Structure formats: C-alpha cells, structure tokens
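Undergrad: One structure follows; several queries about it will come next.
The values are calculated or read from the model by the stated rules, or taken from the named source; none is laboratory data. Just so you know, these numbers come straight off a predicted model, no measurement behind them. So basically every Cβ, Gly included, is an ideal-geometry build from the backbone, and we count neighbours across all protein chains shown. Please note that ligands, DNA and RNA were not included when accessible areas were found on the heavy atoms of the full protein model with its side chains. Shrake-Rupley method; radii C 1.70, N 1.55, O 1.52, S 1.80 Å.
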Amino acid sequence: MSETKERPYHHGDLRRALIDTALDMLATDQNWTFTLREVARRTGVSHAAPYKHFRDREMLLRELARIGFIRLGESLTEAISPDLSSTRAQFVAAAQACIRFACQNPGLYRLMFSSDADKTIDPQLHDAAMSTFGILLGLLEKGQRDGSFRPAAVSALAAASWAQVHGLAMLAISNQLLEEKVGSAPVPAALDVLLDGMGCSD
C-alpha cells in the first residue's frame, strides 16, 4: 500500500476524522484493502478508537459509499441546469457529470458499486443510493412529459440509461475507452446512440 499523509488527531469529531482519513487512503490507493487499525494509525488515535463509531471495517466502507452517493447526487443536481435547452441536454450533462465523478474518484466509485457496499443491510446507504438514482428517474419522467422520451416503462428506460452510463464510467476509469476501439469522442457518441434509441428529439 502506498503511503498517505498522516492526519494527526487532537480533538473534535473523531468519527469525521476517521472518515476523512479513510477517504484520503481510498483516493490515494484506489482500493479499500486497508484495516481499521491502519485508519486509526494514520488518524493519530489508538487502535481501539475506531470501534467507538464503526463496529468493523465493513461498516466504515458502507459509510464511505454512502458519502460517495451523496456527492454523486450533488454533482448530478449541479449539472442539470434549468438553463439547458432541453431534457436531452440535461440528460447528457448529468451523464457526463457521472462519468467525470467516476474519473475523479475512481476508488470511491468502484467501492460504491462493490459487494463491500451492501445496500441490503444498511438502510442509510440504500436511501442515499436510491436518492441519487431518483435524479435519473426524475429526468426520464420529465422527458416523457415533454415528449422527449418514448412512453415506455420508466424502469426500462432507467435500466438502459444506467447500464450505458455506468458502463462508460467503468471503462473510463479503467482507461479502456481507447480511440482505436471507440473513436475520439466515445462518450458523446455513445450517449447520442442511447438517446436516439430512447426516442429523444432535440
């Protein structure tokens, strides 16, 4: 594991300090193989201190994923400007914001969709993930109301949209969107194909 800058803890919010340290480690190493003991050491507290807030490493990982979904939701909301000319333009902006978030936070993004971020056992994580997914649903429903999207089941449109955008994000952070394979502008091109198939109009 590569070295990260240690964050000596002196006073204040221990839970926040542990989370910030873990987020730094995740961003630096782009994986979550660290232990609570290592998080404690780099935070500058005793090895037992994290257990006051997290009963195990998995609980901390789920909290990091929850924070990730909140931040992703904020990025999507910010991208969907009311000044954009159409629902299609808003959809593209949100999709690009999602892919940009993944590229800027590859370790966190992978964790959010990993088996270590089990949404079935953590209601708060589940709610954060569904709230972010709700932004996509809101765009699709808006597009159906204004005639931009075909009147298919919203769940089907959501599945197609999410599969495409998430797939592009995962390919991007793995450096797999190579020009010789997918052209010089793969994201806009793929989104155009998706939106045309969903029956969008400019």
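Undergrad: Given the -39500 (n - 2.57) contribution per DSSP H run of 4+ residues, what per-residue ellipticity at 222 nm results for the chain, rounded to the nearest 500 deg cm²/dmol?
TA: Value at 222 nm, helices only: -21000 deg cm²/dmol.
Undergrad: While we're here: Whenever you get a sec, compute what percent of the accessible area on the chain sits on carbon and sulfur atoms (1.4 Å probe).
TA: Roughly 53 percent of what the probe reaches on the chain is carbon or sulfur.
Undergrad: Give me the dipole magnitude in Debye, nearest 20, for segment 24-136 about the Cα centre, with unit charges on the beta carbon: positive for Lys and Arg, negative for Asp and Glu.
TA: Its charge dipole is roughly 200 debye.
Undergrad: Which helices, counted as full DSSP H runs in the chain, have an axial Cα extent of no less than 18 Å and a Kyte-Doolittle average of 1.0 or above? Can you show the working numbers first?
TA: Numbers: long enough: 14-29 (22 Å, 0.38); 57-79 (33 Å, 0.09); 87-104 (25 Å, 0.55); 123-145 (31 Å, 0.08); 154-173 (28 Å, 1.46).
Once both thresholds are applied, what remains is 154-173.
Undergrad: Something else about it: Among LEU194, GLY183, VAL154, which residue has its Cα furthest toward the positive end of the charge dipole of segment 110-202, with +1 on Lys/Arg Cβ and -1 on Asp/Glu Cβ?
TA: So the residue we want is VAL154.
Undergrad: What number comes out for accessible area per residue over the chain if the probe is 1.4 Å? Units Å², please. Intermediate results must be reported in sequence, preceding the final value.
TA: Working: 10430 Å² over 202 residues.
That works out to 52 Å² per residue.
Undergrad: What do you reckon, how do ASP56, ASP13 stack up by accessible area (1.4 Å probe), largest on top? Spell out each step's value before the answer.
TA: Details: ASP56 50, ASP13 95 Å².
Ranked from most to least accessible, the order is ASP13, ASP56.
Undergrad: Test of understanding: in a Gaussian network model of the chain with alpha carbons linked when under 10 Å, which of ASN105, ASN175, ASN31 would top the mean-square fluctuation ranking?
TA: ASN175
Undergrad: Out of these labelled values of mean projected area of the Cα convex hull in nm², (1) 12.2; (2) 18.4; (3) 13.1, which was calculated from the coordinates shown here?
TA: So the calculated entry is the one marked (3).
Undergrad: Would you mind getting me the FRET efficiency between ARG41 and HIS166? Use the beta-carbon distance for r and R0 = 45 Å, nearest 0.05. All intermediate terms of the calculation are to be shown ahead of the outcome.
TA: Details: r = 34 Å, r/R0 = 0.77.
Computed FRET efficiency for ARG41 and HIS166 comes out at 0.85.
Undergrad: Put ARG55, ARG66, ARG145, ARG16 in order of accessible area, largest first, 1.4 Å probe: what do you get? Could you put the intermediate results ahead of the total?
TA: Numbers: ARG55 160, ARG66 60, ARG145 180, ARG16 95 Å².
Ranked list, largest accessible area first: ARG145, ARG55, ARG16, ARG66.
Undergrad: While we're here: Determine the dipole magnitude for the chain: charges of +1 sit on the beta-carbon of Lys and Arg, -1 on that of Asp and Glu, nothing else is charged, the reference point is the Cα centre, and the result goes in debye to the nearest 20.
TA: Computed about the Cα centre, the dipole is about 520 debye.
Undergrad: In terms of solvent-accessible area of protein heavy atoms at a 1.4 angstrom probe, what is the ranking of THR35, THR132, THR120, highest value first?
TA: THR120, THR35, THR132
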